[in-house]
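Written out below as structure tokens is the structure these notes cover.
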Amino acid sequence: MDTAKVPVSVYAEMTPNPTVLKFVANKPLVSVDSVEFRNIEEAQPSPLATKLFHFPFVKEVFISSNYVAISKYDIVEWDEVTLELRELIRDFLAEGGIVLNEAALKSKEEEASEETPEAQSGYIHPEEKAKEDWDAIDTKIVSLLEEYVKPAVANDGGNIKFLNHKDGVVSVLLQGACSGCPSSTATLKQGIEAMLQNFLPGQIKAVQAVNG
């Protein structure tokens, strides 16, 4: 029986957020759009994120299709830890480790949806409007974000998620490298605002960026 490791390569890439580094793999990591963990408790469905949280400097872990974006506390510099993180991720993938247990994630999401907003984990934001309750404008907003904003944001190691739209104000959640980024909260917000106002004239007053 051939037990040779799968050839996996992982490279590190800076993001516009100096506290976030992106580790890109040459293979798909998850089949879901993306998932964000803000502590080791939330990371239970992801053996990879759980391992990363054992480093005391790891603040948050964001996993998307083919990369892991890690947010750190200011107790170390990236050049001190990048190699170790890259090797850990590469070895984990090469050995066939499970990046995300989607059944466990679903179970945790259902658990969170039954709790009060204060007790919810990071999977479901208390301000997030259920998909089945979206109206025509909500659907159009999500479609525009998917087409025009998400690809660029993903390229920078982040994600944008539609939360709700009330009285002309669109609330979005910034994740990964976008969360807490000095430039994204202002620049991205203004860019999204202009784009939505262009496609939905007279219907969008402002975009509110929610970090976390």
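The values are calculated or read from the model by the stated rules, or taken from the named source; none is laboratory data. Just so it is clear, the structure is predicted and the values come from calculations on it, not from any experiment. Positions of Cβ are backbone-derived with ideal geometry, glycine not excepted, and every protein chain shown enters the neighbour counts. These area figures cover heavy atoms from the full protein model, side chains too; ligands, DNA and RNA do not enter into them. Shrake-Rupley method; radii C 1.70, N 1.55, O 1.52, S 1.80 Å.
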Open item on the list: I'm trying to understand the selection: among the residues of the stretch 176-212, which are among the aliphatic types (A, V, I, L, M), open to solvent by less than 10 Å² (accessible area, probe 1.4 Å) and at pLDDT below 80?
Closed with: Ala177
Open item on the list: Suppose we keep only residues that are within 22 Å of the chain's Cα centre (by Cα) and open to solvent by 80 Å² or more (accessible area, probe 1.4 Å) within the stretch 106-124. Which one would you say is modelled with the highest pLDDT?
Closed with: Lys106
Open item on the list: Would you confirm, using the coordinates I've provided, whether Phe53 is closer than 20 Å to Cys178 by Cβ and open to solvent by less than 50 Å² (accessible area, probe 1.4 Å)?
Closed with: no
- [ ] Output the number of residues of the stretch 69-96 satisfying the condition of being of a type in the set (Val, Ile, Thr) and part of a helix (DSSP H, G or I).
- [x] 3
- [ ] Go through the residues of the stretch 31-46 one by one and say whether even a single one is free of Cβ contacts under 8 Å to residues at least 24 places away in the same chain, small (Gly, Ala, Ser) and open to solvent by less than 10 Å² (accessible area, probe 1.4 Å).
- [x] yes
Open item on the list: Exactly one condition in (1) more than 26 Å from Lys27 (Cα to Cα); (2) at pLDDT below 90 is false for Ala103; which is it?
Closed with: (1)
